[in-house]
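The values are calculated or read from the model by the stated rules, or taken from the named source; none is laboratory data. Keep in mind it's a predicted model, so treat the numbers as computed, not measured. So basically every Cβ, Gly included, is an ideal-geometry build from the backbone, and we count neighbours across all protein chains shown. Just the protein is used for accessible areas: all its heavy atoms, side chains included, with ligands, DNA and RNA removed. Shrake-Rupley method; radii C 1.70, N 1.55, O 1.52, S 1.80 Å.
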Amino acid sequence: MKNILQFKKTAPVRQLEESSRYLYKGLFAFLVNQISDPGKAGQLIQLGHGSYEETIEEVFHAYLLFEKYLTSFEQDGFYDRQSLREGIRLRFPAILQEPIFHLLFVSEAEQKNTLAVQFLQSFLDNATDKFGRTGSGYFDKKGKELARLDEQRLEAESFRRLQSLSFEIFHFVSENYGETVTGKIFERTYEAFSAKYKELEFFPHILTLIPKNIVGRKHLGIFTQAQIEQVFLEKLAESEQLNIALDQKIKENEQNQKLLRKNEVMLSSVIASALDAIVIINQEGNIIRWNHAASRIFGYTEEEVKGQAMAETIIPPSFMQSHGAGFRRFLAGGNSNILNRRMELTGMRKNGSEFPMELTVTAIQHDQEYFFNGFIRDISSRKQREEELVQMKEKAEAAAKAKSQFLSVMSHELRTPLNAVIGITHLLLQANPREDQQEDLRTLQFSGESLLHIINGILDFTKLDSGKIELSAIDFNLRDLAQSLYQSFSYKAREKNIIFDIEYDERMPFMVRGDNFRLSQVLNNLISNAIKFTREGSVKLRVQLQEQQGGSFTTRFAVVDTGIGISADKKDKIFEQFTQADSDTTRLYGGTGLGLSISAKLVELMESSIVVDSIPGQGSDFHFTVVLQKAETTEIQAPVQRSVTKNNDAFRNKLILLAEDNEFNANIARRFITGWGAEMDVVLDGQQALEFALRKKYDLILMDVQMPVLDGFACCRAIRKYLPDVPIVAVTASPKNEIIGEIMACGMNDFVSKPFKPNELRSKILEFLE
């Protein structure tokens, strides 16, 4: 009854705690920003700015006013109720901890049933205050019954049972204390409830809990015509369904009457030949019928058990008290929770051995006398199989968890030393090395970045395999993407004395909307493979507009080469994980066999597929089509040059704190940043980072998320209690999409991946220093 107790009328008005006020301040700031014309909603905005200082009930009421305005009166009509609530749930997850707000984010059935339970509990509380504990504990008994229904509030059928309980309670109160008094109690309960919840979409269903002679015109006056029509149509549909069900039952009964005599003739044969044990007992609990299957399972003949108490015959003494209680309750009061349901319990054979069995008990009343049918099945084999399946499931889950943990650890452990390797290489290249050293350093740089590419490929494949990758939709310059691919691969092509070219359809717009990162990843894999497997000739990337419909562009991407080609029987094989077309291919050209597998799955996420046309010895054509949308902005923006500028003025007189537990990586970052002109403090764990941040005034904090003593997330949350404005940038080897939610939730401003390239780190720092 947790939800009910939260809203009892005797509960004190709860003032908001500091953390809650901070939450609701952010909520109303978000809601105010969604109003397109603040001048038309001045009073509402003023209410939002002050409501988070009030009680939770006033906050809730203010939110509902905002919700009604944004979904009903906002001219742009950007939100409906569902999309607004979903956006708030994602942006402010802590709001779900408030029971009164929790109602907004549950299913229709749970919201309707929760409101009904709370309303009836309030009525019972008011009736108890008025009449005390009279009526042989009737109110307490109904309160317990209401609590059981509250546990079933996720079930749609529970509302009908709540209606029945409501009519029973109102009838009792009216019969014993008068309809006038009952109406007054109802008025007080209804007024309090409508003041709090009348804006909720399912509040009108509360009226269906009240007998029609109590409901008046003023109760309906608070509802809109649409709300009243909604309730009426739902009730009409329920009535039609009940009528259909009733007609069906009548037809079934007529048919059952015709079959009754036939069933009586066949009954004995069925009982005798049934594979499950069938035991029939009288209302004293003594056995009057015992079939062959029961003899086989328990070891008794029918003659041995006739007249014996069933519980004492088949139930072990240690379970006798618990199993016999339900049967005795039924005989005493006609109510039991053991009838018409399957139960698993322990049985006992004639030789005293115990075994698991499944029992279903049904009751039949004839001439004021009850008879009980027990259907019993030996489930020893099933239990053994279930136990084996549970063990297999646990092993599989443990293996999957171990795999996930292993990849997460390996991601961090491999990326961390790679950060040092790639970073030191950049530093050495900046130190004007000799020409022969430059060649060695570039080889080292290429090898490090190649190893990072392999690690990223393995992690991407694992995330694709588990369904953790989702596509995004952002505006990007497709022509610039193609140009960057040319710049990335032209040098590699020249090294092999082949031509790499790009053919861009003039009809294709430059600015489009889609997932540029995943599209670039697919094209990178295809172009890289084409250059790898081409010894002479050319590699070409074609971007062609196939069809335009409104704001959608069906675009064909093709990578064509004059390489070694693929035989027809190997075309499907190349897309399998860790597989290449021929075993000699790996030996001659290298590779993990993951690139095409990842690309194929990414293209499937784009609702397309990669098609291969190839002739061995002549070359291959890998192509696919994706639908790109028209960009929301058609302005072609020039690339931001901040990352490559040589002007370090923004770094001068700036103090930066770096929290990094790996001394090598910390030293590399320090050398880069101090080389750009900033001053730095370096700490090795989160506790030191917190102490330094509170002791000095820093212009920026770079925070590793995985550190000893206090991790980066906990450290950031602690810093934000005292320093809400200092920029904090996460620096981590973990994949961004897996931890971005936690990064934003703890108060960090942005994210830099390790291993980082110097220009990327520099550009990110400049965003917060300038």
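Here are some notes:
- Working ranking of peptides 692-699, 19-26 by packing, defined as the average number of other Cβ atoms within 10 Å per residue, highest first, is 19-26, 692-699.
- By accessible area, using a 1.4 Å probe on protein heavy atoms only, the stretch 49-92 has 48% of its surface on carbon and sulfur.
- Sites listed here are GluC sites (Glu not before Pro) in the stretch 473-517 whose DSSP assignment is loop and whose Cβ has at most 15 other Cβ atoms within 10 Å: E506.
- Placing unit charges on the Cβ atoms of the charged side chains and taking the dipole of the stretch 27-104 about its Cα centre, the candidate lying farthest along the positive direction among L84, G48, L96 is L84.
- Computed with a 1.4 Å probe over protein heavy atoms only, the accessible surface of the stretch 55-117 comes to 46 Å² per residue.
- When each of K40/K196; K196/K721; K142/K249; K25/K630; K25/K184 is checked by Cα-Cα distance, pairs over 27 Å: K196/K721; K142/K249; K25/K630; K25/K184
- Label sites at E312 and A195, each approximated as a point 7 angstrom past Cα along Cα to Cβ, lie 6.4 nm apart.
- Under Karplus coefficients 6.51, -1.76 and 1.60, residue-wise ³J(HN,Hα) of the stretch 718-723 in Hz, glycine/proline x: 5, 5, 5, 5, 10, 10
- Taking label points 7 Å from Cα along the Cα-to-Cβ direction, K757 and F30 give a separation of 3.5 nm.
- Listed peptides 389-399, 484-494, 364-374 by packing density, highest first (mean Cβ within 10 Å): 484-494, 364-374, 389-399
- Reachable aspartates and glutamates from K350, criterion Cα separation under 13 angstrom, eight or more residues apart if same chain: E302, E304, E312
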